[in-house]
Amino acid sequence: MTFKKLFALLTAIPLGLAGCAGIGPNATYYMGTTSFHYPLSYSSYMVKLNGAEIGGGFGKSTNVAPIKVGFQNVTWKDTNTGELHTAKNQLVVSKEQLKGKKYLALHIYPDDTVEITTSNDLPDPTEKGLAWLEKQERAGVKKGGKYIN
């Protein structure tokens with residue numbers, strides 16, 4: 001084996017392992033995931049983060065999903081119509097948000113914006129989400145009913 005081939009091999013192995021360990025700009029973390037859906041007008045299903053289905057049930061259902069650092073593509077479906085929703089805001093997850101955390105929760109708000117929280121314990125609803133629920137209930141929106149801003 002020539003020196004160049006040996007050098008290339010010895011350089012490639014550690015760099016390849018670094019990618020598997022979550023080092024670098026495109027790191028992937030495997031975490032417990034769930035979602036909180038705050039619109040009362042419908043329930044969500046097939047909630048996906050970068051094409052990977054995550055848990056749901058207002059934080060009661062979790063599963064392990066790959067979470068990539070960087071821009072996130074968030075989609076979900078409406079149980080009433082089957083309509084595919086896409087997050088209206090741009091969501092970016094940083095390595096600092098994920099490092100050392102066990103759970104990631106996706107929060108879906110009635111205006112189709114989303115937010116991510118991370119924690120070491122099972123996630124809780126956000127204050128913003130609870131305020132949305134209260135606003136809808138005051139407006140007389142029933143579970144599965146139509147909500148008009």
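Readers should treat all values here as calculations from the given coordinates under stated rules, not as data from a laboratory. This structure is a prediction, so every number in the text was calculated from the model and none was measured. Here the Cβ positions follow ideal geometry from the backbone for every residue, glycine too, while neighbour counts run over all protein chains shown.
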- Message: Please list, ordered by chain and number, the residues whose modelled amide H lies under 5 Å from the amide H of residue 91; skip anything fewer than 5 residues away on the same chain.
- Response: 72
- Query: Given Cα pairs under 8 Å that are at least 6 residues apart, what percent is the relative contact order of the stretch 25-138?
  - Reply: 28 percent
- Task: Determine the dipole magnitude for the stretch 25-138: charges of +1 sit on the beta-carbon of Lys and Arg, -1 on that of Asp and Glu, nothing else is charged, the reference point is the Cα centre, and the result goes in debye to the nearest 20.
- Result: 360 debye
- Query: For residue 41 and residue 124 in one chain, what is 0.36 nm times their gap in residues minus the Cα-Cα distance, to one decimal in nm?
  - Reply: 27.8 nm
- Among 31-43, 117-129, 97-109, the order from most to least packed when residues are scored by Cβ within 10 Å on average: 31-43, 97-109, 117-129
- Item | For the stretch 30-43, Karplus couplings with θ = phi - 60° (6.51, -1.76, 1.60), whole Hz, Gly/Pro x | 9, 9, x, 10, 8, 9, 10, 10, 9, x, 7, 6, 7, 9
- Could you list, in their original order, any pairs among 60/88; 101/135; 68/88 whose Cα atoms are separated by more than 22 Å? 60/88; 101/135
